[in-house]
Amino acid sequence: MKKTSLKNNQKLLSRIVKVLVEDYKDNQCLGKTATFKTVTFSGDKNLIGKFVEIKITQAGSWSLSGEIAK
């Protein structure tokens, strides 16, 4: 299952996904995609509750990391 999850997450590398920001901790925002994948990225606390477009830069088995799309 771990390999399958990693393979699926790697398909999102360099793509822009819409994320609902749910939490903020240690200068990192945490949110979920429409398919409930967890995404972390640098951002401000005022983004909680908002949708943000994120470019995925790293993919792990259970989470994704990215940056705010410009």
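The values are calculated or read from the model by the stated rules, or taken from the named source; none is laboratory data. Since we're looking at a predicted model, the values are computed, not measured. With ideal geometry, Cβ positions are generated from the backbone for all residues, glycine too; neighbour counts draw on all protein chains shown. Surface accessibility is based on the protein's heavy atoms, side chains included, excluding ligands, DNA and RNA. Shrake-Rupley method; radii C 1.70, N 1.55, O 1.52, S 1.80 Å.
Table for the structure above
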| quantity | calculated |
| --- | --- |
| In Å², nearest 10: area of SER63 left accessible to a 1.4 Å probe | 50 |
| Top of LYS32, LYS18, LYS50 by mean-square fluctuation, Gaussian network on the chain, Cα under 10 Å | LYS50 |
| Heavy-atom SASA rank of LEU47, LEU20 (probe 1.4 Å, accessible area, largest first) | LEU20, LEU47 |
| Where PHE51, PHE36 fall by accessible area, highest first, once all protein chains stay in place (1.4 Å) | PHE36, PHE51 |
| Rounded accessible area of GLU67 (nearest 10 Å², 1.4 Å probe) | 100 |
| The chain - accessible surface per residue (Å², probe 1.4 Å) | 71 |
| Accessible-area ranking of ASP26, ASP44, largest first, probe 1.4 Å | ASP26, ASP44 |
| Net charge of neighbours whose Cβ lies under 14 Å from the Cβ of ILE48, counting Lys and Arg as +1 and Asp and Glu as -1 | +1 |
| The chain: radius of gyration and largest Cα-Cα distance (Dmax), Å | 11.3, 35 |
